[in-house]
1. Peptides 114-121, 14-21: what's the order by average Cβ count within 10 Å, highest mean first?
2. Amide H to amide H under 5 Å from Tyr38: which residues, 5+ apart in sequence or cross-chain, H placed 1.01 Å off N in plane?
3. Highest mean first, what order results for 140-152, 96-108 on Cβ atoms within 10 Å?
4. Residues with amide H under 5 Å of Val118's amide H, sequence separation 5 or more or different chain, H placed in the peptide plane at 1.01 Å from N; which?
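What follows is calculated from the coordinates using simple rules that are stated; it is not laboratory data. From a predicted model like this one, the values you see are computed outputs, not experimental measurements. All Cβ positions, glycine included, derive from the backbone under ideal geometry; neighbour counts span all protein chains shown.
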Amino acid sequence: MADKLIFRVHALRRMFEPGIAVDEVRAALDTGETIEQYLEDTPYPSRLVLGRRHAASARCSGGERGARGVDCHRRLQARPDVVGGGLPKEKNVKCAICKAGETRPGKTALTLERGSMVLVYRGVPAEMFTNCGEAYVGEEASARILIAAEEAGAAGVQVDVREFVATPA
């Protein structure tokens, strides 16, 4: 089964500013050149990847040290230690912010800004670190939010607050 990506809320904010889509991050991680590896990064080891975007170089990271803040973490969807589709429940998984290691499913708010446009998505499903509240959003929700935000921008929206609606199963 294909790897899934999970994104820090910070990464989604940084991806929206220049219009980087989830598919572009996946393509860079799958086919890009690994420039450097950061094996000690938390909650997962990461790597700096050089990928191509519209025939120009772009950098993204499989971890916390990404240029443009495109920090995402790869994991296998079918891993037996993944609880509820979230972050793996391993002893060594630590939050990048508080260094604690326990997550729980929850919901977060995500604010995206580009120029004078401000969009707020409330009720976004995420894995939340229990100590500090740092949120990691799954690939499907991330992609849906970024696509909807691009559509809002194209429609001329300047300020909007939206409730995230899960797709029916």
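1. Values: 114-121: 14.6, 14-21: 17.8.
The packing order, highest mean first, is 14-21, 114-121.
2. Counting only residues 5 or more places away or on other chains, the set is Ser46, Arg47, Leu48.
3. Details: 140-152: 18.0, 96-108: 15.5.
Result, highest mean Cβ count within 10 Å first: 140-152, 96-108.
4. Val159, Asp160
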